[in-house]
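Values in this text are rule-based calculations from the coordinates and carry no lab data. Fair warning: this is a prediction, and the values are worked out from it, not measured in the lab. Here the Cβ positions follow ideal geometry from the backbone for every residue, glycine too, while neighbour counts run over all protein chains shown.
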Amino acid sequence: MQLSLSSPFALATLRYSQAAILIILVLVCSFLLLLLFLQWHRPRDKRLPPGSMGWPYVGETLKLYTENPNSFFSIRQKRFGDIFKTHILGCPCVMISSPEAARTVLVTRAHLFKPTYPTSKEKMIGPEALFFHQGSYHSRLKKLVQASLLPSAIRGSVSQIEQIVLELLPTWKSNTINTLQEMKRYAFDVAMISAFGSKQDLEMEGIKHLYRCLEKGYNSMPLDFPGTPFHKAMKARKLLDEKLRKLIQKRRRSGRHEGGLLGILLGAKDHVKLNQLSESQIADNIIGVIFAAQDTTASVLTWILKYLHDNQDLLEAVTVNISHVNYLLTGPFIPSNFLLLPFIYHSTFCYL
């Protein structure tokens, strides 16, 4: 007897075969996932502190995003102690929260640790940025960055920075503000002046817009798929790199490097090899300095405002000393040293 495909027996056989294949695939995938999960949670080193590594690759990142960050860490601190392991943003981590452990890492045994960032953040900032390197390259770039922050280098930008403050203060009147966010806004505008100098190139607005798009992906999962924050950030990073290269080329052709960190990097030469920095080195370090200047500066400024608010004696001392500062006819100035307000300097450390 011959069966055609239209026969109910043949159709039943095909359906059973498809179902069997599907079941086998599900079982194989489940087995592989189980092996991966067990391998992920297998103790790799008995010296690692207690904690949870979460799901493979994702780790505990989703929990970090869905919970309050303070709760995320405090819950694990109570459960595992002051030192615990976790896995966030694609990286295995050991978290420390005790002053003694922090002192060991940052002071007494600092030579045993290397400052670093997640690979995803290195891709977004740029691999040539100084804080991804050690040795002579790091030392050279560090000196150049420090040179851009000397009083003699930023004196010409003070009036612009003051103008930023004067435009910002009225927006705070009669409103409840998020101090940290406002300080980030202020620090970003100042960082742009510090990076590019007082000269406002046509490319500046585009650079600002692309950087803001880039920073939205700094703390995202490194999933480079269309629609993800990381993918959008990397797309903005590529466009930002193109704009920075055009600006670098324009200033090099003109022979006028202008001010800011960009001007110093453009004029930098290795005293031994007499090599200029490449466009990628300059672009990565410009982005890196803006990244470093924004969050850390905003955090410090926020705490300063809190101390001034909570300590009226200190606030009065600052107000009195500032009122005694002489202004040049051309506006505010920076002295050749930082002993302008010695009373405030010492009082601040007393309160801290």
#### Entry: Within straight-line cross-link reach of K78, lysines at Cα separation under 24 Å, skipping those fewer than 8 residues along the same chain
K46, K63
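I need the shape label for the stretch 86-143. Rule: rounded when a/c is under 1.5, else prolate if a/b > b/c, else oblate, with a, b, c from the alpha carbon gyration tensor.
Numbers: a/c = 3.24, a/b = 1.24, b/c = 2.62.
Verdict is oblate for the stretch 86-143.
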### Query
If you keep only loop residues by DSSP, which trypsin sites (Lys or Arg not before Pro) in the stretch 78-166 have at most 13 other Cβ atoms within 10 Å of their Cβ?
R109
## Note on the structure
Over 25 Å (Cα to Cα) among K123/K184; K114/K250; K123/K246; K142/K184; K123/K243 -> K114/K250
## Note on the structure
Note: the stretch 144-268 at 25 °C, 0.890 mPa s; Kirkwood Rh on alpha carbon pairs; Stokes-Einstein D in µm²/s works out to 150 µm²/s
